[in-house]
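Quick notes on the structure that follows.
The values are calculated or read from the model by the stated rules, or taken from the named source; none is laboratory data. Quick caveat: nothing in here was measured; it's all calculated off a predicted structure. Because the Cβ atoms are built from the backbone with ideal geometry, glycine has one as well, and the counts that use them run over all protein chains shown.
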Amino acid sequence: MNAEKAIVVGSGIAGLSTALRLVRRGYEVEILEKNSIPGGRMSLIEKDGFKFDTGPTFFSMSYEFKELAKDLDIELPFDLLELDPLYTVWYDQPGKRYTIYKDLEKLAKEFEEVEPGFKEKMKAYLESTAKLYNDTESLIIKKNFNSFTDYATTLMKVPMGHLPKLFRTFWKEVSRYFDSNDVREIVSLVSFFLGGTPFDTPSVFTMLSYTEFVYDGYYNVNGGMYRIVEGFVEILEANGVKIHYNTDITSVERNGRDIKTVIDSKGKKWTAGVFVINADAALFRGEVLGRRKFSEEKLDKKRWTMAPFSMYLGINKKLPELKMHNYFLRGNFKEYANSIYTSQASLEQAYYYVNVVSRLNTDAAPEGNESLYILCPVPDLRFKPDWSDKEEIADSIIDDLSRRTGYDLKNSIVSKTILSPVDWKDSFNLYRGSGLGLGHNMMQMGWFRPSNRDEKYENLFYAGSSTVPGTGVPMAIISSKLVSERIEKRYGSVLKDLHPGK
(Lines give C-alpha, C1' and ligand atoms only; values in the text may rest on other atoms or scores of the structure.)
Protein backbone atom coordinates (compact mmCIF):
# COMPACT_ATOMS: atom_id res chain seq x y z
CA MET A 1 0.00 0.00 0.00
CA ASN A 2 0.99 3.64 -0.29
CA ALA A 3 1.52 4.85 3.27
CA GLU A 4 -1.54 6.74 4.44
CA LYS A 5 -1.10 10.03 6.24
CA ALA A 6 -2.61 9.74 9.73
CA ILE A 7 -3.18 12.54 12.20
CA VAL A 8 -3.59 11.73 15.89
CA VAL A 9 -5.32 14.47 17.89
CA GLY A 10 -4.03 14.30 21.45
CA SER A 11 -0.84 12.83 22.91
CA GLY A 12 -2.20 10.91 25.87
CA ILE A 13 -1.05 7.33 26.36
CA ALA A 14 -3.71 6.03 23.97
CA GLY A 15 -2.72 8.61 21.36
CA LEU A 16 1.00 7.93 21.62
CA SER A 17 0.62 4.15 21.55
CA THR A 18 -1.78 4.39 18.59
CA ALA A 19 0.76 6.53 16.75
CA LEU A 20 3.45 3.93 17.46
CA ARG A 21 1.29 1.11 16.11
CA LEU A 22 0.43 3.09 12.97
CA VAL A 23 4.05 3.99 12.26
CA ARG A 24 4.91 0.30 12.62
CA ARG A 25 2.24 -0.41 9.97
CA GLY A 26 3.73 2.01 7.48
CA TYR A 27 1.67 5.13 8.12
CA GLU A 28 3.06 8.63 8.08
CA VAL A 29 1.90 10.14 11.37
CA GLU A 30 1.60 13.61 12.85
CA ILE A 31 0.33 14.37 16.36
CA LEU A 32 -1.57 17.50 17.35
CA GLU A 33 -1.43 18.35 21.05
CA LYS A 34 -3.34 21.09 22.85
CA ASN A 35 -0.74 21.60 25.57
CA SER A 36 2.94 22.53 25.49
CA ILE A 37 4.15 19.04 26.47
CA PRO A 38 2.95 15.53 25.57
CA GLY A 39 1.23 13.01 27.81
CA GLY A 40 -2.29 14.28 28.38
CA ARG A 41 -3.26 13.46 31.96
CA MET A 42 0.00 11.54 32.34
CA SER A 43 1.84 14.84 32.42
CA LEU A 44 4.64 16.34 34.48
CA ILE A 45 4.96 19.33 36.80
CA GLU A 46 8.45 20.69 37.40
CA LYS A 47 8.48 23.48 39.96
CA ASP A 48 10.84 24.85 42.64
CA GLY A 49 13.27 21.99 42.11
CA PHE A 50 10.57 19.31 42.50
CA LYS A 51 8.99 16.95 39.96
CA PHE A 52 5.51 15.45 40.09
CA ASP A 53 3.60 13.02 37.87
CA THR A 54 0.26 14.77 37.45
CA GLY A 55 -1.97 11.76 36.86
CA PRO A 56 -1.53 8.01 37.35
CA THR A 57 1.22 6.97 39.75
CA PHE A 58 1.05 3.19 39.22
CA PHE A 59 -0.81 0.67 37.09
CA SER A 60 -1.74 -2.98 36.77
CA MET A 61 -1.82 -5.27 33.71
CA SER A 62 1.81 -4.54 32.83
CA TYR A 63 1.55 -7.30 30.22
CA GLU A 64 -0.32 -4.84 28.00
CA PHE A 65 2.87 -2.79 27.71
CA LYS A 66 4.76 -5.98 26.91
CA GLU A 67 2.18 -6.83 24.23
CA LEU A 68 2.67 -3.36 22.76
CA ALA A 69 6.44 -3.86 22.65
CA LYS A 70 5.96 -7.25 20.95
CA ASP A 71 3.60 -5.70 18.39
CA LEU A 72 6.16 -2.98 17.66
CA ASP A 73 9.06 -5.47 17.71
CA ILE A 74 11.04 -3.28 20.11
CA GLU A 75 12.18 -3.24 23.72
CA LEU A 76 10.16 -1.04 26.06
CA PRO A 77 11.93 2.32 26.44
CA PHE A 78 11.51 2.28 30.23
CA ASP A 79 11.99 -0.13 33.11
CA LEU A 80 8.97 -1.62 34.87
CA LEU A 81 9.25 -1.80 38.66
CA GLU A 82 6.88 -4.12 40.53
CA LEU A 83 5.48 -2.74 43.79
CA ASP A 84 5.87 -4.78 46.94
CA PRO A 85 3.96 -4.08 49.12
CA LEU A 86 1.18 -2.70 46.94
CA TYR A 87 0.01 0.16 49.20
CA THR A 88 -0.86 1.11 52.77
CA VAL A 89 -4.33 2.00 54.06
CA TRP A 90 -4.61 4.40 57.01
CA TYR A 91 -7.80 4.66 59.06
CA ASP A 92 -8.69 7.54 61.34
CA GLN A 93 -8.12 5.60 64.56
CA PRO A 94 -4.61 5.97 66.02
CA GLY A 95 -2.32 3.17 64.86
CA LYS A 96 -4.95 1.53 62.66
CA ARG A 97 -3.43 0.83 59.29
CA TYR A 98 -3.04 -2.08 56.92
CA THR A 99 -0.17 -2.91 54.59
CA ILE A 100 -1.54 -4.53 51.46
CA TYR A 101 0.61 -7.31 50.06
CA LYS A 102 0.24 -9.40 46.95
CA ASP A 103 1.53 -12.36 48.99
CA LEU A 104 -1.55 -14.03 50.50
CA GLU A 105 0.24 -15.25 53.64
CA LYS A 106 1.42 -11.74 54.52
CA LEU A 107 -1.96 -10.23 53.60
CA ALA A 108 -3.80 -12.72 55.82
CA LYS A 109 -1.75 -11.64 58.83
CA GLU A 110 -2.88 -8.04 58.30
CA PHE A 111 -6.55 -9.01 58.60
CA GLU A 112 -6.51 -11.99 60.97
CA GLU A 113 -8.07 -9.98 63.82
CA VAL A 114 -10.88 -8.25 61.90
CA GLU A 115 -11.72 -11.05 59.45
CA PRO A 116 -11.42 -14.58 60.90
CA GLY A 117 -10.73 -17.08 58.13
CA PHE A 118 -9.53 -14.34 55.82
CA LYS A 119 -7.11 -16.56 53.90
CA GLU A 120 -9.72 -19.08 52.81
CA LYS A 121 -12.27 -16.36 52.08
CA MET A 122 -9.74 -14.47 49.94
CA LYS A 123 -8.84 -17.66 48.08
CA ALA A 124 -12.51 -18.23 47.24
CA TYR A 125 -12.95 -14.63 46.13
CA LEU A 126 -9.83 -14.69 43.95
CA GLU A 127 -10.84 -18.01 42.39
CA SER A 128 -14.13 -16.40 41.39
CA THR A 129 -12.44 -13.31 39.96
CA ALA A 130 -9.87 -15.45 38.11
CA LYS A 131 -12.62 -17.39 36.38
CA LEU A 132 -14.42 -14.17 35.48
CA TYR A 133 -11.21 -12.70 34.08
CA ASN A 134 -10.30 -15.78 32.05
CA ASP A 135 -13.83 -16.13 30.67
CA THR A 136 -14.24 -12.51 29.57
CA GLU A 137 -10.94 -10.67 28.99
CA SER A 138 -10.14 -11.82 25.46
CA LEU A 139 -13.78 -12.41 24.59
CA ILE A 140 -15.09 -8.93 25.46
CA ILE A 141 -12.46 -6.46 26.66
CA LYS A 142 -10.03 -6.98 23.79
CA LYS A 143 -12.54 -7.10 20.96
CA ASN A 144 -14.14 -4.65 18.55
CA PHE A 145 -17.88 -5.04 18.08
CA ASN A 146 -19.44 -4.16 14.72
CA SER A 147 -23.10 -4.33 15.75
CA PHE A 148 -25.34 -4.88 18.73
CA THR A 149 -26.02 -8.37 17.43
CA ASP A 150 -22.28 -9.04 17.43
CA TYR A 151 -22.05 -7.80 21.03
CA ALA A 152 -25.09 -9.74 22.23
CA THR A 153 -23.87 -12.92 20.54
CA THR A 154 -20.50 -12.55 22.24
CA LEU A 155 -22.11 -12.01 25.65
CA MET A 156 -24.01 -15.26 25.16
CA LYS A 157 -20.65 -17.07 25.01
CA VAL A 158 -19.84 -15.99 28.56
CA PRO A 159 -20.68 -18.83 30.99
CA MET A 160 -24.08 -18.32 32.58
CA GLY A 161 -22.60 -18.53 36.08
CA HIS A 162 -21.28 -14.98 35.64
CA LEU A 163 -24.70 -13.54 34.75
CA PRO A 164 -25.61 -12.41 38.30
CA LYS A 165 -22.48 -10.25 38.34
CA LEU A 166 -24.07 -8.04 35.70
CA PHE A 167 -26.72 -7.02 38.23
CA ARG A 168 -24.64 -6.69 41.40
CA THR A 169 -22.39 -3.85 42.41
CA PHE A 170 -18.73 -4.34 43.21
CA TRP A 171 -19.58 -3.80 46.90
CA LYS A 172 -22.31 -6.42 46.96
CA GLU A 173 -20.06 -8.99 45.31
CA VAL A 174 -17.22 -8.37 47.76
CA SER A 175 -19.69 -8.50 50.66
CA ARG A 176 -20.62 -12.06 49.67
CA TYR A 177 -17.13 -13.15 50.73
CA PHE A 178 -16.12 -10.83 53.58
CA ASP A 179 -17.84 -9.63 56.76
CA SER A 180 -15.48 -6.89 57.93
CA ASN A 181 -16.09 -3.41 56.56
CA ASP A 182 -12.34 -2.80 56.62
CA VAL A 183 -11.72 -5.72 54.28
CA ARG A 184 -14.68 -4.85 52.07
CA GLU A 185 -13.47 -1.28 51.70
CA ILE A 186 -9.88 -2.20 50.96
CA VAL A 187 -10.69 -4.94 48.46
CA SER A 188 -13.10 -2.49 46.79
CA LEU A 189 -10.52 0.28 46.39
CA VAL A 190 -9.66 -0.98 42.91
CA SER A 191 -13.03 0.33 41.71
CA PHE A 192 -11.77 3.87 42.29
CA PHE A 193 -9.07 3.24 39.67
CA LEU A 194 -11.96 3.14 37.19
CA GLY A 195 -13.12 6.53 38.43
CA GLY A 196 -16.18 5.11 40.15
CA THR A 197 -17.13 3.83 43.58
CA PRO A 198 -17.78 0.24 44.68
CA PHE A 199 -21.43 1.17 45.11
CA ASP A 200 -21.98 2.05 41.43
CA THR A 201 -19.33 -0.05 39.66
CA PRO A 202 -20.70 -3.34 38.25
CA SER A 203 -19.30 -6.44 39.93
CA VAL A 204 -17.91 -7.72 36.63
CA PHE A 205 -14.96 -5.44 37.42
CA THR A 206 -14.05 -7.59 40.42
CA MET A 207 -11.89 -9.32 37.80
CA LEU A 208 -9.43 -6.49 38.51
CA SER A 209 -8.84 -8.01 41.93
CA TYR A 210 -7.34 -10.99 40.11
CA THR A 211 -4.89 -8.77 38.23
CA GLU A 212 -4.19 -6.86 41.46
CA PHE A 213 -3.44 -9.76 43.80
CA VAL A 214 -2.62 -12.75 41.60
CA TYR A 215 -1.95 -12.31 37.91
CA ASP A 216 0.15 -9.18 37.73
CA GLY A 217 0.18 -6.83 40.72
CA TYR A 218 1.02 -3.12 40.45
CA TYR A 219 3.90 -1.42 38.73
CA ASN A 220 5.70 1.88 38.56
CA VAL A 221 8.44 3.00 36.20
CA ASN A 222 12.05 3.73 36.99
CA GLY A 223 12.39 7.51 36.85
CA GLY A 224 8.66 8.16 37.32
CA MET A 225 5.54 7.57 35.24
CA TYR A 226 6.35 10.38 32.84
CA ARG A 227 9.24 8.27 31.63
CA ILE A 228 6.61 6.27 29.70
CA VAL A 229 5.65 9.39 27.76
CA GLU A 230 9.26 10.41 27.19
CA GLY A 231 10.17 6.93 25.96
CA PHE A 232 7.27 6.76 23.51
CA VAL A 233 8.01 10.26 22.19
CA GLU A 234 11.68 9.41 21.68
CA ILE A 235 10.74 6.45 19.47
CA LEU A 236 8.16 8.46 17.55
CA GLU A 237 10.55 11.31 16.87
CA ALA A 238 13.29 8.86 15.81
CA ASN A 239 10.79 7.58 13.23
CA GLY A 240 9.98 10.99 11.80
CA VAL A 241 6.76 11.71 13.70
CA LYS A 242 6.22 15.40 14.39
CA ILE A 243 4.29 16.53 17.45
CA HIS A 244 2.74 19.98 17.08
CA TYR A 245 2.15 21.54 20.50
CA ASN A 246 -0.27 24.32 21.53
CA THR A 247 -2.62 23.05 18.82
CA ASP A 248 -6.24 22.76 19.94
CA ILE A 249 -8.65 21.28 17.38
CA THR A 250 -12.00 23.08 17.35
CA SER A 251 -13.67 22.14 14.05
CA VAL A 252 -13.47 19.90 10.98
CA GLU A 253 -14.06 20.06 7.22
CA ARG A 254 -15.96 17.24 5.62
CA ASN A 255 -15.75 15.60 2.22
CA GLY A 256 -18.75 13.34 1.84
CA ARG A 257 -18.26 10.30 4.11
CA ASP A 258 -14.77 11.40 5.11
CA ILE A 259 -13.17 14.10 7.20
CA LYS A 260 -10.99 16.24 4.95
CA THR A 261 -9.23 18.40 7.53
CA VAL A 262 -9.26 19.23 11.21
CA ILE A 263 -8.95 22.91 12.07
CA ASP A 264 -7.23 24.33 15.13
CA SER A 265 -8.19 27.35 17.24
CA LYS A 266 -5.87 29.58 15.18
CA GLY A 267 -7.57 28.59 11.93
CA LYS A 268 -4.83 26.31 10.59
CA LYS A 269 -6.03 23.30 8.63
CA TRP A 270 -4.47 19.86 9.02
CA THR A 271 -5.07 17.35 6.21
CA ALA A 272 -4.74 13.58 6.30
CA GLY A 273 -6.32 10.37 5.04
CA VAL A 274 -6.98 8.99 8.53
CA PHE A 275 -7.78 10.81 11.79
CA VAL A 276 -7.59 9.36 15.29
CA ILE A 277 -9.08 11.42 18.12
CA ASN A 278 -7.42 10.91 21.50
CA ALA A 279 -9.49 13.72 22.98
CA ASP A 280 -12.57 12.57 24.90
CA ALA A 281 -14.64 10.58 22.39
CA ALA A 282 -18.01 11.73 23.75
CA LEU A 283 -17.05 15.38 24.17
CA PHE A 284 -15.47 15.60 20.70
CA ARG A 285 -18.59 14.23 19.08
CA GLY A 286 -20.65 16.86 20.89
CA GLU A 287 -18.48 19.98 20.88
CA VAL A 288 -16.61 19.60 17.58
CA LEU A 289 -18.95 17.49 15.45
CA GLY A 290 -22.15 18.97 16.90
CA ARG A 291 -23.93 15.63 17.37
CA ARG A 292 -27.26 16.01 19.16
CA LYS A 293 -26.78 12.62 20.80
CA PHE A 294 -23.74 14.11 22.53
CA SER A 295 -25.13 17.53 23.34
CA GLU A 296 -24.41 19.06 26.73
CA GLU A 297 -27.91 18.15 27.87
CA LYS A 298 -27.39 14.51 26.86
CA LEU A 299 -23.86 14.30 28.29
CA ASP A 300 -24.97 15.68 31.65
CA LYS A 301 -27.30 12.71 32.03
CA LYS A 302 -24.54 10.16 31.51
CA ARG A 303 -22.46 8.59 34.28
CA TRP A 304 -19.07 10.27 34.39
CA THR A 305 -16.09 9.30 36.49
CA MET A 306 -15.30 11.27 39.61
CA ALA A 307 -13.49 14.57 39.38
CA PRO A 308 -9.95 14.87 40.78
CA PHE A 309 -8.82 17.43 43.33
CA SER A 310 -5.03 17.17 43.35
CA MET A 311 -2.15 18.77 45.20
CA TYR A 312 1.56 18.64 44.48
CA LEU A 313 3.64 19.55 47.51
CA GLY A 314 7.37 20.08 47.93
CA ILE A 315 8.26 19.29 51.56
CA ASN A 316 11.55 20.46 53.09
CA LYS A 317 12.17 17.27 55.11
CA LYS A 318 11.94 13.49 54.80
CA LEU A 319 8.73 11.66 55.78
CA PRO A 320 9.80 8.09 56.58
CA GLU A 321 6.51 7.19 58.28
CA LEU A 322 4.65 7.60 55.00
CA LYS A 323 4.88 4.71 52.57
CA MET A 324 5.14 5.17 48.82
CA HIS A 325 1.41 4.68 48.13
CA ASN A 326 -1.12 5.49 50.85
CA TYR A 327 -4.91 5.65 51.15
CA PHE A 328 -6.46 7.63 53.98
CA LEU A 329 -9.95 6.41 54.83
CA ARG A 330 -12.50 7.19 57.54
CA GLY A 331 -15.62 5.68 59.00
CA ASN A 332 -17.74 7.50 56.38
CA PHE A 333 -16.59 5.40 53.40
CA LYS A 334 -20.04 4.68 51.97
CA GLU A 335 -21.52 8.07 52.83
CA TYR A 336 -18.72 9.98 51.13
CA ALA A 337 -18.66 7.68 48.10
CA ASN A 338 -22.39 8.11 47.55
CA SER A 339 -22.22 11.88 48.00
CA ILE A 340 -19.64 12.36 45.23
CA TYR A 341 -22.39 12.31 42.62
CA THR A 342 -24.38 14.97 44.43
CA SER A 343 -23.89 18.52 45.63
CA GLN A 344 -23.84 17.28 49.24
CA ALA A 345 -20.26 15.97 49.51
CA SER A 346 -18.56 17.15 52.69
CA LEU A 347 -14.98 17.80 51.60
CA GLU A 348 -13.98 18.38 55.22
CA GLN A 349 -14.52 14.62 55.67
CA ALA A 350 -12.94 13.48 52.41
CA TYR A 351 -10.83 10.43 51.85
CA TYR A 352 -7.72 10.76 49.74
CA TYR A 353 -4.60 9.13 48.31
CA VAL A 354 -1.00 10.18 48.95
CA ASN A 355 1.98 9.24 46.79
CA VAL A 356 5.49 9.98 48.05
CA VAL A 357 6.88 10.57 44.56
CA SER A 358 10.49 10.92 45.73
CA ARG A 359 10.47 7.55 47.53
CA LEU A 360 11.18 5.72 44.29
CA ASN A 361 12.22 8.56 42.00
CA THR A 362 14.99 10.30 43.96
CA ASP A 363 15.36 12.96 41.25
CA ALA A 364 11.86 14.22 42.08
CA ALA A 365 13.04 16.26 45.09
CA PRO A 366 16.22 17.98 46.30
CA GLU A 367 18.26 15.97 48.77
CA GLY A 368 16.60 15.80 52.19
CA ASN A 369 13.20 16.84 50.73
CA GLU A 370 10.10 14.97 49.58
CA SER A 371 7.65 15.35 46.70
CA LEU A 372 4.06 14.58 47.71
CA TYR A 373 1.15 14.02 45.34
CA ILE A 374 -2.28 14.09 47.03
CA LEU A 375 -5.43 13.09 45.14
CA CYS A 376 -8.96 13.40 46.47
CA PRO A 377 -12.09 12.21 44.57
CA VAL A 378 -14.64 15.03 44.48
CA PRO A 379 -17.90 15.97 42.73
CA ASP A 380 -17.57 17.16 39.15
CA LEU A 381 -18.67 20.59 37.92
CA ARG A 382 -22.30 19.52 37.51
CA PHE A 383 -22.56 19.24 41.28
CA LYS A 384 -19.96 21.76 42.44
CA PRO A 385 -19.27 24.38 39.77
CA ASP A 386 -17.52 26.85 42.09
CA TRP A 387 -14.02 25.93 43.29
CA SER A 388 -12.97 29.34 44.56
CA ASP A 389 -12.57 27.62 47.93
CA LYS A 390 -9.84 25.28 46.70
CA GLU A 391 -7.21 26.75 49.04
CA GLU A 392 -9.43 26.10 52.06
CA ILE A 393 -10.14 22.53 50.90
CA ALA A 394 -6.42 21.94 50.36
CA ASP A 395 -5.61 23.26 53.84
CA SER A 396 -8.23 20.98 55.36
CA ILE A 397 -6.70 17.90 53.71
CA ILE A 398 -3.15 18.94 54.65
CA ASP A 399 -4.25 19.50 58.27
CA ASP A 400 -5.87 16.07 58.34
CA LEU A 401 -2.80 14.40 56.86
CA SER A 402 -0.57 16.17 59.39
CA ARG A 403 -2.76 15.07 62.30
CA ARG A 404 -2.85 11.45 61.19
CA THR A 405 0.85 11.09 60.39
CA GLY A 406 2.29 13.30 63.12
CA TYR A 407 4.16 15.55 60.69
CA ASP A 408 3.85 19.35 60.66
CA LEU A 409 3.32 19.55 56.94
CA LYS A 410 1.86 23.02 56.66
CA ASN A 411 5.05 24.63 57.97
CA SER A 412 7.23 22.34 55.84
CA ILE A 413 5.76 23.19 52.44
CA VAL A 414 8.19 24.97 50.09
CA SER A 415 6.25 24.35 46.87
CA LYS A 416 2.51 23.95 46.37
CA THR A 417 0.37 23.46 43.27
CA ILE A 418 -3.38 22.80 43.46
CA LEU A 419 -5.50 21.57 40.56
CA SER A 420 -9.26 21.70 41.07
CA PRO A 421 -11.77 20.09 38.67
CA VAL A 422 -11.91 23.45 36.86
CA ASP A 423 -8.16 23.28 36.22
CA TRP A 424 -8.39 19.67 35.03
CA LYS A 425 -11.25 20.58 32.71
CA ASP A 426 -9.45 23.54 31.18
CA SER A 427 -6.08 21.84 30.85
CA PHE A 428 -7.20 18.56 29.31
CA ASN A 429 -10.68 19.20 27.86
CA LEU A 430 -12.30 16.96 30.46
CA TYR A 431 -16.08 17.12 30.45
CA ARG A 432 -17.26 18.84 33.65
CA GLY A 433 -13.83 18.10 35.10
CA SER A 434 -14.42 14.34 35.12
CA GLY A 435 -11.05 12.73 35.72
CA LEU A 436 -11.30 9.58 33.56
CA GLY A 437 -14.12 10.30 31.12
CA LEU A 438 -17.29 8.25 30.94
CA GLY A 439 -17.96 5.90 33.83
CA HIS A 440 -18.75 2.21 33.64
CA ASN A 441 -22.31 1.03 34.00
CA MET A 442 -24.22 -1.48 31.92
CA MET A 443 -25.30 1.18 29.41
CA GLN A 444 -21.78 2.58 29.03
CA MET A 445 -19.85 -0.64 28.46
CA GLY A 446 -19.02 -2.65 25.34
CA TRP A 447 -21.30 -1.85 22.42
CA PHE A 448 -23.07 0.86 24.45
CA ARG A 449 -19.87 2.86 24.99
CA PRO A 450 -19.02 5.45 22.29
CA SER A 451 -17.46 3.45 19.47
CA ASN A 452 -13.84 3.78 18.41
CA ARG A 453 -15.00 4.34 14.83
CA ASP A 454 -17.19 7.27 13.94
CA GLU A 455 -20.86 6.73 13.16
CA LYS A 456 -20.77 8.90 10.03
CA TYR A 457 -17.22 9.51 8.83
CA GLU A 458 -15.36 6.45 7.58
CA ASN A 459 -11.84 7.79 8.18
CA LEU A 460 -12.47 9.09 11.72
CA PHE A 461 -11.54 6.95 14.72
CA TYR A 462 -11.20 7.33 18.50
CA ALA A 463 -8.79 6.11 21.17
CA GLY A 464 -8.78 6.76 24.91
CA SER A 465 -10.87 6.60 28.03
CA SER A 466 -14.39 7.46 26.80
CA THR A 467 -14.35 4.87 24.05
CA VAL A 468 -13.77 1.10 24.23
CA PRO A 469 -12.69 -0.68 26.32
CA GLY A 470 -12.65 1.90 29.16
CA THR A 471 -10.58 3.95 31.58
CA GLY A 472 -7.11 3.51 33.01
CA VAL A 473 -3.55 3.11 31.73
CA PRO A 474 -3.79 -0.53 30.54
CA MET A 475 -7.17 0.17 28.92
CA ALA A 476 -5.53 3.02 26.97
CA ILE A 477 -2.97 0.57 25.59
CA ILE A 478 -5.73 -1.91 24.66
CA SER A 479 -7.69 0.96 23.09
CA SER A 480 -4.73 1.72 20.81
CA LYS A 481 -4.66 -1.90 19.69
CA LEU A 482 -8.39 -2.00 18.95
CA VAL A 483 -8.41 1.21 16.93
CA SER A 484 -5.28 0.19 15.03
CA GLU A 485 -7.01 -3.05 14.09
CA ARG A 486 -9.94 -1.04 12.72
CA ILE A 487 -7.64 1.15 10.63
CA GLU A 488 -5.54 -1.76 9.39
CA LYS A 489 -8.64 -3.70 8.37
CA ARG A 490 -9.97 -0.76 6.37
CA TYR A 491 -6.78 0.67 4.88
CA GLY A 492 -4.26 -2.15 5.08
CA SER A 493 -0.69 -2.00 6.32
CA VAL A 494 2.93 -2.67 5.45
CA LEU A 495 5.02 -3.53 8.50
CA LYS A 496 8.29 -1.66 8.87
CA ASP A 497 11.02 -1.75 11.48
CA LEU A 498 11.01 1.04 14.05
CA HIS A 499 14.13 2.96 14.97
CA PRO A 500 14.65 2.53 18.73
CA GLY A 501 14.91 6.21 19.67
CA LYS A 502 17.60 7.71 21.88
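Just a yes or no: is a residue in the stretch 173-196 at pLDDT below 95 and more than 26 Å from Arg41 (Cα to Cα)?
no
Picking from Val214, Val262, Val233, which residue would you name as being out of contact with any Ser or Thr (no Cβ under 6 Å at 6 or more places or on another chain) and either at pLDDT below 95 or not assigned by TED's automatic domain parsing to the domain that holds Thr471 (or both)?
Working: Val262 fails: either at pLDDT below 95 or not assigned by TED's automatic domain parsing to the domain that holds Thr471 (or both); Val233 fails: either at pLDDT below 95 or not assigned by TED's automatic domain parsing to the domain that holds Thr471 (or both).
From the options Val214, Val262, Val233, the qualifying one is Val214.
Among the helices (runs of 4 or more DSSP H) confined wholly to the stretch 112-193, which include 2 or more residues that are closer than 23 Å to Phe59 by Cα and of a type in the set (Gly, Ala, Ser)? Talk me through it step by step, then tell me what you get.
On the way: elements: 118-136, 148-155, 170-175, 181-188.
Qualifying helices (runs of 4 or more DSSP H): 118-136.
Can you confirm whether Asp84 is assigned to a loop (DSSP other than H, G, I, E, B), more than 30 Å from Asp423 (Cα to Cα), modelled with pLDDT under 95 and acidic (Asp, Glu)? Lay out the reasoning, then the answer.
Values: assigned to a loop (DSSP other than H, G, I, E, B): yes; more than 30 Å from Asp423 (Cα to Cα): yes; modelled with pLDDT under 95: yes; acidic (Asp, Glu): yes.
It is true that Asp84 is assigned to a loop (DSSP other than H, G, I, E, B), more than 30 Å from Asp423 (Cα to Cα), modelled with pLDDT under 95 and acidic (Asp, Glu).
Is it true that some residue in the stretch 354-375 is closer than 23 Å to Gly437 by Cα, at pLDDT below 95, under 21 Å from the mean Cα position of the chain (by Cα) and not charged (D, E, K, R)? Spell out the reasoning first.
First, the residues of the stretch 354-375 that are closer than 23 Å to Gly437 by Cα: 354-355, 373-375.
Going one step further and asking which of them are at pLDDT below 95, we end up with none.
Checking the stretch 354-375: not a single residue is closer than 23 Å to Gly437 by Cα, at pLDDT below 95, under 21 Å from the mean Cα position of the chain (by Cα) and not charged (D, E, K, R).
Met61 versus (1) in a loop (DSSP other than H, G, I, E, B); (2) more than 30 Å from Pro308 (Cα to Cα): which is the lone unmet condition?
Only one criterion in (1) in a loop (DSSP other than H, G, I, E, B); (2) more than 30 Å from Pro308 (Cα to Cα) is unmet by Met61, namely (2).
Being more than 26 Å from Glu253 (Cβ to Cβ) and either of a type in the set (Ser, Thr, Tyr) or surrounded by fewer than 23 Cβ atoms within 10 Å (Cβ to Cβ) (or both): is that true of Ser465 here?
Working: more than 26 Å from Glu253 (Cβ to Cβ): yes; either of a type in the set (Ser, Thr, Tyr) or surrounded by fewer than 23 Cβ atoms within 10 Å (Cβ to Cβ) (or both): yes.
Here the answer is yes, as Ser465 does meet what is asked.
What number of residues in the stretch 63-101 are within 30 Å of Glu112 (Cβ to Cβ) and touching a strand residue (DSSP E or B) at 6+ places or on another chain (Cβ under 7 Å)?
Residues of the stretch 63-101 that are within 30 Å of Glu112 (Cβ to Cβ), as a first pass: 81-101.
Applying the additional criterion that residues be touching a strand residue (DSSP E or B) at 6+ places or on another chain (Cβ under 7 Å) yields 81-83, 85-91, 97-100.
Counting residues in the stretch 63-101 that are within 30 Å of Glu112 (Cβ to Cβ) and touching a strand residue (DSSP E or B) at 6+ places or on another chain (Cβ under 7 Å) gives 14.
Within the bounds of the stretch 395-404, is there any residue that is of a type in the set (A, V, I, L, M), over 30 Å from Ser466 (Cβ atoms), modelled with pLDDT of 95 or more and within 24 Å of the chain's Cα centre (by Cα)? Before the answer, list the steps.
Filtering the stretch 395-404 for residues of a type in the set (A, V, I, L, M) gives 397-398, 401.
So of that shortlist, the ones also over 30 Å from Ser466 (Cβ atoms) come out as 398, 401.
With modelled with pLDDT of 95 or more added as a condition, the list becomes 398, 401.
From what's left, within 24 Å of the chain's Cα centre (by Cα): none.
No - not one qualifying residue is present in the stretch 395-404.
Tell me which of these Glu137 doesn't satisfy, since it passes every other one: (1) more than 22 Å from Leu329 (Cβ to Cβ); (2) among the charged types (D, E, K, R); (3) touching a strand residue (DSSP E or B) at 6+ places or on another chain (Cβ under 9 Å); (4) outside the structural domain of Ala19 (by TED's automatic domain parsing).
Answer for Glu137: the failing condition is (3).
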